[in-house]
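Participant: I am attaching a structure below and will ask some questions about it afterwards.
None of the figures in this text is laboratory data; all of them are computed from the coordinates on show. Predicted, not measured: the structure shown is a model, and the values here were computed from it. So basically every Cβ, Gly included, is an ideal-geometry build from the backbone, and we count neighbours across all protein chains shown.
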Amino acid sequence: DQFMGMDFEECVELVEGKIITMGWNNFTHATLVVWLGHVLRIWADEKDWGFISGGDTGVLTRDSEPATARGADVACISFQRYQAVTRKGKILDVGPELIIEVVSPSNVWNDIQNKLIEYFAIGTDEVWLVSPEHRSVTVYTQPKESRTFTAADGEVVKTPQLPGFELSLTEMSQLIDRIGEAAE
């Protein structure tokens, strides 16, 4: 509760009671987070399904001391599941159906694995790791169970957690291309 009441100038996470500065995300990362949130929001509105949040949404992965609160790039939580959240409007203390993390060059694999374990431990059903560099999405259904989808193969990511939702990796790749072309 004390951590949630604090103001920070940078993106931070609370990991085992310690405040860890995450630094700023690069433009490609931030643009993909907004785009993913947008396409998910359109689907969620059409289905009257639930909430889509982004921009390092606070997810409490351990409430006991030392506490841990992670910043998810995108979190998708149904209206039904949101009813179990006890800190509504502040932080998710219930695992959402889906968490998406966009991988940045500064990410360390060990830290990503720890997040996966924590997200599944609180009841998250799936975690997607989006790799702008590889233009892929790795869908985890457990910390060590995954399938990778790639734009090169023209694949579409679907999940039973979000019935009827399809993520076009071709569209994602085209967005990454536009960002790269504009930088030249």
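Participant: Return the calculated 222 nm mean residue ellipticity for the chain, to the nearest 500 deg cm²/dmol, obtained by summing -39500 (n - 2.57) across DSSP H runs with n ≥ 4 and dividing by the residue count.
Facilitator: Calculated from helices alone, the mean residue ellipticity at 222 nm is -9000 deg cm²/dmol.
Participant: Just want to confirm a number: the relative contact order over segment 65-169, from Cα pairs under 8 angstrom separated by 6+ residues, in percent.
Facilitator: Relative contact order here is 18 percent.
Participant: Can you tally the lysine pairs in segment 69-184 where the Cα-Cα distance is under 25 Å and the two residues are eight or more apart, or on different chains?
Facilitator: 5
Participant: Oh, and also: Looking at the chain, which longest stretch skips every one of the trypsin sites (Lys or Arg not before Pro) that is in a DSSP loop with at most 15 other Cβ atoms within 10 Å, leaving the sites themselves out?
Facilitator: It works out to 1-86.
Participant: Residues with amide H under 5 Å of residue 165's amide H, sequence separation 5 or more or different chain, H placed in the peptide plane at 1.01 Å from N; which?
Facilitator: Excluding prolines and chain starts, which carry no amide H, the hits are 159.
Participant: Also, quick follow-up: Determine the gain in length on full extension of the stretch residue 41-residue 84; use 0.36 nm per residue of separation and subtract their C-alpha separation, reporting nm with one decimal.
Facilitator: 13.4 nm
Participant: Using only the Cα atoms of segment 92-176, each taken as one equal point scatterer with no solvent, compute I(q) by the Debye sum, divide by I(0), and report log10 of the ratio at q = 0.18 Å⁻¹.
Facilitator: Results for segment 92-176 at q = 0.18 Å⁻¹ read -0.78.
Participant: On a 0 to 90 degree scale, rounded to 10, what angle separates helix 169-183 from the longest Cα axis of the chain?
Facilitator: With both axes taken from Cα atoms, the answer is about 90 degrees.
Participant: Still on this structure: What three numbers, in Å, describe the spread of the alpha carbons of segment 61-129 along their principal axes, ordered from the longest?
Facilitator: Largest to smallest, the principal-axis extents are 35, 27, 19 Å.
Participant: Computed over the Cα atoms of the chain, what is the ratio Rg over Rh, Rh following Kirkwood?
Facilitator: Taking Rh as the inverse mean 1/r over Cα pairs, Rg/Rh reads 0.95.
Participant: Name the residue farthest towards the positive end of the dipole of segment 106-184 from the options 162, 176, 117, assuming +1 on Cβ of Lys and Arg, -1 on Cβ of Asp and Glu, about the Cα centre.
Facilitator: Of the options given, the answer is 117.
Participant: What residues from segment 116-136 fall in the zone where the backbone N is under 19 Å from a label point 7 Å along the Cα-to-C-beta line of residue 64?
Facilitator: Answer for segment 116-136: 117-124.
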